[in-house]
Amino acid sequence: MAIEYSWKVNALKYGNEPGFEQVVQFADCSYVASETVGLTTYTAEERVVLELDPPSSDEYISFSEITQEMVLSWITPKVEEISRDELESKKFKLSSIIEHQKSGSDLLLSEGLPWVSDEEVPNDVSSPAG
């Protein structure tokens, strides 16, 4: 079966703006690749944080009423801004990870900051610059 690609929402970053509370400003998403072979499904994902346009007063939706489908529709224009070359690069990287998984040699990646010791907990380094 062929590898299928989709977007998944991991988290929303929100804050208060004049006149509005809990306005979603960033969507932490993953570009997900999956392939099923027999009874086994292999998956790989790459995270990306997308900045969302601020809503107009007509478009504002209470945070508690936001659905995943809404957020996916909000990120669609942002995803379309990603260059074709960058998207193909992501697909290549994800398909390579799946091929490693299928061959039984998982490509494991670690995470860390060389200037921070393991005992230290850094400030939120995942926040987008802004």
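Bear in mind that the values in this text are calculations on the coordinates, not laboratory data. Predicted, not measured: the structure shown is a model, and the values here were computed from it. Don't worry about glycine lacking a Cβ; one is built from the backbone with ideal geometry, like all the others, and counts go over all protein chains shown.
What the table below lists for this structure:
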| item | result |
| --- | --- |
| Equivalent ellipsoid semi-axes, the chain, via Cα gyration tensor eigenvalues times 5, rooted, Å | 31, 21, 13 |
| Using alpha-carbon coordinates, inclination of helix 68-81 to the longest axis of the chain, degrees | 80 |
| 3J(HN,Hα) from dihedral phi, the range 35-42, Karplus parametrisation 6.51/-1.76/1.60, rounded to Hz, x for glycine, proline | 9, 9, 10, x, 9, 9, 10, 9 |
| Ranking of Leu94, Leu12, Leu87 by count of other Cβ atoms within 10 Å, fewest first | Leu87, Leu12, Leu94 |
| The range 6-16 - phi-based ³J(HN,Hα) in whole Hz, Karplus 6.51/-1.76/1.60, Gly and Pro as x | 7, 10, 10, 9, 8, 6, 10, 10, 9, x, 8 |
| Placed amide H near Tyr14: partners under 5 Å, 5+ positions off or other chain | Gln25 |
| In the range 4-102, lysine pairs with alpha-carbon atoms under 20 angstrom apart (chain gap of 8 or more, or interchain) | 10 |
| Test item: Cα-centred dipole of the range 4-102, Lys/Arg +1 and Asp/Glu -1 on Cβ, debye | 500 |
| Which of Met1, Met70 has the fewest Cβ neighbours within 10 Å, and the rest in rising order | Met1, Met70 |
| Residues Ser56, Ser6, Ser95 arranged by fewest to most Cβ contacts within 10 Å | Ser56, Ser6, Ser95 |
